[in-house]
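Undergrad: Sharing a structure, written as structure tokens. Questions coming.
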Amino acid sequence: MQTIPINTYNSPTVILELIYRLKVKDVMTRSLISVNLGATMRQVQHLMRSNSITGVPVVMQKRLLGIVSMDDIIQALDNGYIEDDVEKHMTRNLIVLEDDMPVSFAISYFDRYRYHRFPVLNKEKELVGMVTTRDISTRLLWEINHEIENIERMNQSTRTKNGLSNEVQTFSILKHDFENAGFASTEIKKKLKQGNAFPRTIRRAAIASYELEMNIVVHSNGGEIIAEFGPESITITSQDSGPGIPDVEKAMEQGYSTANEWIRSLGFGAGMGLPNVKSVSDEFSITSSPAGTIVVSTIYFADQEKSHMTNPHLPDVQNVAKELA
Amino acid sequence: MTVQNLGKALEYKTLVMPNPDADIINGYTSDLLSDVMGNAPEGSVLITIQGHKNSIAVASLLGMPAIILCNNRSAPDDMQLAAQKEGIAILSTGDTQFTASYRVAHLLGRV
């Protein structure tokens, strides 16, 4: 089991997700300064000084053969072999990372070994980059900042009042953000549950909001989901900033999809999204132009449901719910 | 049937089981999450090869207490974390979706 120097059991999941989601290739330095076998230790010393680096990989046609570290250079100066070829004195026992590994691996490697940098190889075992702790901390800071921005934005729009009436929640959805996909629908579901809506209504609203949310993630340039909790109904509006649906009628047909292979491999793009939304909505509308698409789905609360929502302690609610379902 | 008993009876590998007493009353087999979203009954176990986090989101929204990953598909760490958080079990098997489906149907008395 790898070790990461933070508690992985109850740390904020956003941080854990980050270090699992980010790959080594996302943080590594790609501009490599390397030498080949014929170089001398002296040449490496000059390279280090002029580029302010502390380790230089030795390669032959992208194959990593060794690394000359600052320590190797100091030894060479001390013992008078600084003019020798690197081949004789480079460190050959190397620990490497693969570019597809999660950053959590890199972090645990730095924790476990004394090295200051790790060479990164791709699947073909070619040297494609180097990772230092500095690379990781810089990128993590950037990502954490980005996540906090998202959280702050969501907090602003989900600040709660008592009861459901006339409350509006707005969620920003980013293009291709599969990681956070489902957040808006989960929040809407939670809200309806708190408001004592019936399971059937919650399920319908969850389906509509999830499909609309996924549509923004998969197909649009980004947009938002707006949930309006009225006394009579819940209305879920999805609006995005383009590129629009060329043929709305076709998009409403079951099985029609423009999703690519990658998106299909994630289980989306079955061509059922919009038909699903329509089938759970009491009212449904869609308008689309290259400037953006707006879908509005409204689901009415049943009469018994409304009284249940205002007075959740009424008896026999379970049976009513069953009858409705 | 509880998730725990289902896992035991099938002898599938348990990857995550935060809520062993959750009740399974039905099953749904699909790899298309939109199809699952539109059609899966509540209280179902989801039988699929979609080993990623979005499957957990769908299961959670629909009130599905467990996912069976077929064909030895692996569950990435972020998926397991999400499952733990949402209280959804993940079982893993080398069985195909077809085999897993009829075995589950048999155990639930739906054949």
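The values are calculated or read from the model by the stated rules, or taken from the named source; none is laboratory data. Small disclaimer: the values here were computed from a predicted structure and weren't measured. Cβ: placed from backbone, ideal geometry, glycine included. Neighbour counts: every protein chain shown. All accessible areas refer to the heavy atoms of the entire protein, side chains included, with ligands and DNA or RNA removed. Shrake-Rupley method; radii C 1.70, N 1.55, O 1.52, S 1.80 Å.
Undergrad: For the range A:181-203, how many residues are open to solvent by 40 Å² or more (accessible area, probe 1.4 Å) and more than 10 Å from chain B (Cβ to nearest Cβ)?
TA: The total comes to 4.
Undergrad: Hey, any hits in the range B:36-47 for a residue that's at pLDDT 95 or above and more than 19 Å from residue A:211 (Cβ to Cβ)? Explain how you work it out, then say what you get.
TA: First pass over the range B:36-47, keeping only residues at pLDDT 95 or above: B:44-47.
Now narrow it down to the ones that are more than 19 Å from residue A:211 (Cβ to Cβ): B:45, B:47.
Scanning the range B:36-47, I find at least one residue that is at pLDDT 95 or above and more than 19 Å from residue A:211 (Cβ to Cβ), so the answer is yes.
Undergrad: So, of the residues in the range A:60-98 that are crowded, with 19+ Cβ neighbours inside 10 Å and within 35 Å of the chain's Cα centre (by Cα), which turns out to be nearest to the other protein chains (Cβ to nearest Cβ)?
TA: Among them, the one singled out is A:97.
Undergrad: Which one of B:83, B:89 is open to solvent by less than 20 Å² (accessible area, probe 1.4 Å) and over 22 Å from residue A:268 (Cβ atoms)?
TA: B:89
Undergrad: Restricting the search to the range A:160-179, which residues are at the interface with chain B (Cβ under 10 Å from one of its Cβ atoms) and either open to solvent by less than 40 Å² (accessible area, probe 1.4 Å) or closer than 17 Å to residue A:238 by Cα (or both)?
TA: If the condition is that a residue be at the interface with chain B (Cβ under 10 Å from one of its Cβ atoms) and either open to solvent by less than 40 Å² (accessible area, probe 1.4 Å) or closer than 17 Å to residue A:238 by Cα (or both), then A:178 is the only one that fits.
Undergrad: Would it be correct to say that residue B:66 is surrounded by 20 or more Cβ atoms within 10 Å (Cβ to Cβ) and either farther than 17 Å from residue A:266 by Cα or charged (D, E, K, R) (or both)?
TA: Numbers: surrounded by 20 or more Cβ atoms within 10 Å (Cβ to Cβ): yes; either farther than 17 Å from residue A:266 by Cα or charged (D, E, K, R) (or both): yes.
Yes: the conditions hold for residue B:66.
Undergrad: Just to be sure I understand the filter: pairs with C-beta atoms under 9 Å, separated by 6 or more residues or on different chains, first member in the range B:1-24 and without any contact (Cβ under 8 Å) to a residue 12 or more places away in the chain, second member open to solvent by 50 Å² or more (accessible area, probe 1.4 Å) and in a helix (DSSP H, G or I). Which pairs pass?
TA: B:5/B:107
Undergrad: Something else: Of B:34, B:60, B:44, which residue is free of Cβ contacts under 8 Å to residues at least 12 places away in the same chain and crowded, with 20+ Cβ neighbours inside 10 Å?
TA: Details: B:60 fails: free of Cβ contacts under 8 Å to residues at least 12 places away in the same chain; B:44 fails: free of Cβ contacts under 8 Å to residues at least 12 places away in the same chain.
None of the others qualify; the one that does is B:34.
Undergrad: Right, here's the next one. Within the set of pairs 6+ apart or on separate chains, which have a first residue in the range A:248-276 that is within 11 Å of chain B (Cβ to nearest Cβ) and at positive phi, a second that is among the acidic types (Asp, Glu) and open to solvent by 80 Å² or more (accessible area, probe 1.4 Å), and C-beta atoms under 8 Å apart?
TA: Pairs found: A:271/A:253.
Undergrad: Taking the range A:210-243 as the search range and keeping residues that are in a strand (DSSP E or B) and open to solvent by less than 10 Å² (accessible area, probe 1.4 Å), which one is farthest from residue B:35 (Cα to Cα)?
TA: Checked the range A:210-243; the qualifying residue farthest from residue B:35 (Cα to Cα) is A:229.
Undergrad: Every residue in the range B:9-26 that is more than 16 Å from residue B:105 (Cβ to Cβ) and in contact with a helix residue (DSSP H, G or I) (Cβ under 9 Å, 6 or more places away or on another chain), please. Walk me through it before giving the result.
TA: Step one: list which residues in the range B:9-26 are more than 16 Å from residue B:105 (Cβ to Cβ), which gives B:11, B:13-23.
Selection gives B:13, B:14, B:15, B:16, B:17, B:18, B:19, B:20, B:21, B:22, B:23.
Results for (1) assigned to a strand (DSSP E or B); (2) under 19 Å from residue B:38 (Cβ atoms); (3) within 28 Å of the chain's Cα centre (by Cα), shown as yes or no for each residue.
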residue	(1), (2), (3)
A:255	no, yes, yes
A:267	no, yes, yes
A:270	no, yes, yes
A:275	no, yes, yes
A:285	yes, no, no
A:294	yes, no, yes
A:297	yes, yes, yes
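Undergrad: Output the residues belonging to the range B:90-100 that are in contact with a Gly (Cβ under 7 Å, 6 or more places away or on another chain) and either within 12 Å of chain A (Cβ to nearest Cβ) or small (Gly, Ala, Ser) (or both).
TA: none
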